[in-house]
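Computed from the coordinates by the stated procedures, all read-outs in this text should not be read as laboratory data. Everything quoted here is computed from the prediction, not taken from an experiment. Quick reminder, even Gly has a Cβ in these numbers, built from the backbone with ideal geometry, and neighbours come from all protein chains shown.
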Amino acid sequence: MRIVFAGTPEFAAQHLQALLDAGKSIIAVYTQPDRPAGRGQKLTPSPVKQLALQHGIPVYQPQTLRDPAAQAELAALQADLMVVVAYGLILPQAVLDMPRLGCINSHASLLPRWRGAAPIQRAIEAGDSESGVTVMQMEAGLDTGPMLLKVSTPISADDTGGTLHDRLAVLGSQAVVQAIDALAAGSLVPEAQDDSLATYAHKLSKDEARIDWTRPAVELERLVRAFNPWPICHSMLNGETLKIHGACLGEGQGAPGQILDANKDGLTIACGEGALRLTRLQLPGGKPLSFADLYNSRRDQFAPGLVLGQ
C-alpha cells in the first residue's frame with residue numbers, strides 16, 4: 001500500500017516511526033513549513049520532517065493544500081492512503097478524494113467528545129475520567145468523520161497534559177498500524193459520530209493560563225495539570241510572574257489569591273472555593289523548583305497575608 005503521511009509535531013512523528021517500524025511503505029511526507037524556534041529564532045524543521053529526512057523519505061511543505069500546484073504534486077504521487085496526524089493544515093475535498101482509500105486521521109480524543117486543536121488538555125481541564133485516540137475516515141468537517149477504531153486510557157489524578165500526550169502518542173501509533181492492516185483486509189466497519197455529544201477543544205493560549213483565584217480550587221488544580229508543559233499556569237506575586245508547575249488541593253479559606261500558609265510542603269492559596277497548595281514553582285530567570293527549595297532561600301517573599309494575582 002502506497003502511503004502518504006501528513007503531520008507536524010512530536011505526536012505525529014511517533015506515529016510515523018510506528019508505521020516505519022511496521023514496514024509500511026511511506027512514499028512521501030507532508031509537514032508544515034519550517035518555523036523559527038529557540039532564542040535565536042532559527043528556522044527549524046518539524047519533528048516529522050527530521051524523521052522523514054533520516055529515512056530518506058521525500059518531504060513536501062506547501063503553505064496550503066488549496067493551491068492547484070500543490071494538489072497536482074500530491075495527485076502525481078498516486079497514493080493508496082493518506083495518514084494525517086496533527087498536520088495543522090486544512091485538507092480540501094479535492095485532497096480528501098485523491099488517495100484510493102481516502103484519508104484517515106489519528107485524533108487524541110474519544111470522539112465525538114473533543115473535536116479541535118487541544119483535546120488532550122481540555123479533557124484533563126474538564127475532569128474527564130478517560131481519554132483515548134480515535135482513528136477516523138476524514139471528511140470536510142472538523143473531526144467529524146466516521147470512526148474506524150478507538151482505544152482508551154483512564155486519566156489519573158496526577159496526569160498532566162504532558163504525561164497524557166505521551167501515553168496517547170503510543171496508543172495512537174499502535175491504533176493507526178492496526179487500522180491500516182484492517183483497512184487492507186476490508187474488515188473495518190465505519191461508525192458515524194453522534195454530533196450532539198461533540199465539544200470543541202479550543203486552542204490553548206497563554207492568556208487563559210493566568211490564574212483567576214476566584215475560581216474553585218478543584219478547577220484550578222486540573223488547569224495546572226492540563227497546562228503543563230505548555231502554556232504553564234502563572235500568577236503575579238510582588239510584581240513578579242510566578243509559574244506554577246505543580247499543585248494539589250489544600251485546606252483553609254480567605255480572600256481569593258491570599259497566601260494562607262507557607263511551609264516545606266507547599267504554598268497554600270485561598271481560592272473562590274477551597275484552597276490550592278502550590279508544590280512546584282518557577283521564578284523569573286530561574287528553573288522549576290519544589291516549593292521546599294524556594295522556601296528555604298526566599299521565605300520573606302511568601303509571607304502569609306500576601307495576595308497573588310494583583
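Numbers for the structure displayed
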read-out: LEU249-ASP293 FRET efficiency (beta carbon distance; Förster radius 30 Å; 0.05 resolution); value: 0.85
read-out: Antiparallel bridges, percent of DSSP beta bridges restricted to the range 207-302 (to nearest 5); value: 90
read-out: Sequence-distant residues sharing a close amide H with LEU306 (under 5 Å, placed H); value: ILE259
read-out: Charge dipole (debye, nearest 20) of the range 26-105; +1 at Cβ of Lys and Arg, -1 at Cβ of Asp and Glu; value: 360
read-out: Gap separating the Cα centres of the range 228-258 and the range 34-75, nearest whole Å; value: 38
read-out: Residues with amide H under 5 Å from that of GLU273, placed H, sequence gap 5 or more; value: ALA217
read-out: Assigned charges on the beta-carbon of Lys, Arg, Asp, Glu; the range 48-162 dipole about Cα centre (debye); value: 160
read-out: Per-residue ³J(HN,Hα) for the range 152-157, Karplus 6.51 cos²θ - 1.76 cosθ + 1.60, θ = phi - 60°, Hz, x for Gly and Pro; value: 10, 8, x, 9, 7, 5
read-out: Hz values of 3J(HN,Hα) by residue in the range 143-148 - Karplus curve (6.51, -1.76, 1.60), Gly and Pro given as x; value: 6, 9, x, x, 7, 9
read-out: Qualifying lysines (Cα of each under 22 Å from Cα of LYS243; at least 8 residues distant if same chain); value: LYS203, LYS206, LYS264, LYS287
read-out: Alpha-carbon gyration tensor eigenvalues x 5, square-rooted, for the range 207-302, Å; value: 18, 16, 12
read-out: Built amide H within the under 5 Å cut-off of LEU111, gap 5+; value: THR134
read-out: Computed magnitude of the charge dipole of the range 207-302 (debye, nearest 20; Cβ of K, R +1, Cβ of D, E -1); value: 300
read-out: Expected 222 nm ellipticity per residue - DSSP helices of 4 or more, -39500 (n - 2.57), all of the chain, to 500; value: -8000 deg cm²/dmol
read-out: In order through the range 64-77: 3J(HN,Hα) via Karplus (6.51 cos²θ - 1.76 cosθ + 1.60), integer Hz, x for Gly, Pro; value: 8, 9, 7, 6, x, 5, 5, 5, 5, 4, 5, 4, 5, 6
read-out: For the range 2-201, share of DSSP beta bridges that run antiparallel, in % to the nearest 5; value: 45
read-out: Inter-site label distance for GLN41 and SER152 at 7 Å from Cα along Cβ, in nm; value: 4.6
